[in-house]
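Presented below is the structure to which this report refers.
Each reported figure results from applying straightforward, stated rules to the coordinates on display, with no laboratory input. Remember, predicted model here, so these are calculated numbers, not experimental data. Backbone-built Cβ (ideal geometry, glycine too); neighbour counts: all protein chains shown.
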Amino acid sequence: MLITQEEIVELAFNRSVTETRILDADINVAQWKYLRPALTNELYSDLINNPANYIDLLNWVKPALAFYVKYIAIEDLFYELSDRGGFQLTAQEANGMTDTQRTDFRRAQMVKANELMSIVVNFCVETNVEKYNRGDSLRPRIIGGLLIKRKTGQVTLNDPDVVSSVNQARVFLSGDVIYLQELINGVWTNTGTSWDV
């Protein structure tokens, strides 16, 4: 694994969380589902097998990976399943989150992770990381839980988990720059995230 539970707690949590509550499986899922498509298969495989060759890259990867793991693990941190049944964990002397607040909180973790991953991709491009295959990076794939398909200069994002979000966000190619845009009140608006190509 590219990151430890202790590093995840340090990088992605603002309060103490017992490291053992973050499962190795959550880390492995985050690496496979989110890092691999963003880094391309070739770079991902080499990074997993030779992490010592990528110390600088790992300094950028770990914060993004920590938030992806947090996104995946969040439900297990809120609930407990045992022989006695399933229970929602609550805080003493604090108000628990509503379902809507928890959903918004979880979504915010994905936004942070995706923004941090855009920094990783930018680092790969700007520093010419040898195994980062830019041609492979433009193929249709899933990044941050969103299916990205190339269509005549525009990449549309469809969230497979939320059918109603189809075409609410897109990646738009203009000249040598790719912009992440969101549909706000019927107008495509730049989110502030962009990549040079």
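Here are some notes:
- DSSP-loop trypsin sites (Lys or Arg not before Pro) across segment 1-46, with at most 10 other Cβ within 10 angstrom: 15
- Calculated from backbone phi, Karplus (6.51, -1.76, 1.60) coupling profile of segment 54-65 in Hz, x at Gly/Pro: 10, 4, 4, 4, 4, 4, 8, 5, 4, x, 5, 4
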